[in-house]
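Here's the structure, in structure tokens; my notes come after.
The values are calculated or read from the model by the stated rules, or taken from the named source; none is laboratory data. Since the structure is predicted, the reported quantities are computational estimates derived from the model, not experimental observations. Heads up, the Cβs are rebuilt from the backbone with ideal geometry, glycines too, and the neighbour counts pull from every protein chain shown.
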Amino acid sequence: WPSIFSGLEIIANRTTLSHRDAGGSPTLFDLLISLGSGHEAKLTLADVGAELDYNPGTMVFISGKVLQHSIGPWGPGERLVIAHFMKDKIHSRVEVSRPAFPMQAFFLQMVGQG
């Protein structure tokens, strides 16, 4: 199917050590989808001191190049994550410019307050 993402990874029943995505671009967002059943995983964003509920059905957009992120042990249940991402080298190879950093004013315009 058509997708704006250049890569897709399926992660099943694995913890993810704290890391930044080396192949990404700071201005690109990754889409992480938590699936499975009966687990209570947490997505940790160490740079901002946040621990987010990452239960089945949760979708998160983060800049994986900028934010250090991890998933620790989640207790009982099956955990599946579908990670959608864009590799910076793909943009370079096909000579496509990278998007600019998102600005608050852009989002405010989108909701009619800017």
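Descriptive notes on the structure:
- Inter-residue pairs, beta-carbon under 8 Å, first over 14 Å from Leu32 (Cα atoms) and in the range 1-20, second modelled with pLDDT under 95 and acidic (Asp, Glu), 6+ apart: Asn13/Glu78
- Leu35 vs. criteria farther than 29 Å from Ser97 by Cα and touching a Pro at 6+ places or on another chain (Cβ under 6 Å): yes
- The one condition in (1) loosely packed, with under 15 Cβ neighbours inside 10 Å; (2) within 24 Å of Met103 (Cα to Cα) that Ser18 fails to fulfil: (2)
- Residues that are of a type in the set (Gly, Ala, Ser) and at pLDDT below 95, drawn from the range 58-77: Ser63, Gly64, Gly72, Gly75, Gly77
- Scanning the range 31-71 for residues that are assigned to a loop (DSSP other than H, G, I, E, B), out of contact with any His (no Cβ under 9 Å at 6 or more places or on another chain) and surrounded by 15 or more Cβ atoms within 10 Å (Cβ to Cβ) returns His39, Ala41, Thr58, Ser63, Lys65, Val66, Leu67.
- Within the range 78-107, considering residues that are among the basic types (Lys, Arg) and touching a strand residue (DSSP E or B) at 6+ places or on another chain (Cβ under 8 Å), the one modelled with the highest pLDDT: Arg79
- The range 72-114, subset of a type in the set (A, V, I, L, M, F, W, C) and assigned to a strand (DSSP E or B), residue farthest from the chain's Cα centre (by Cα): Leu80
- Considering residues of the range 1-15 that are closer than 29 Å to Ser92 by Cβ and β-branched (Val, Ile, Thr) only, the residue surrounded by the fewest Cβ atoms within 10 Å (Cβ to Cβ): Ile4
- Put simply, of Gly24, Gly49, Gly38 the only residue that is over 10 Å from Val81 (Cα atoms) and in contact (Cβ under 8 Å) with a residue 60 or more places away in the chain is Gly24.
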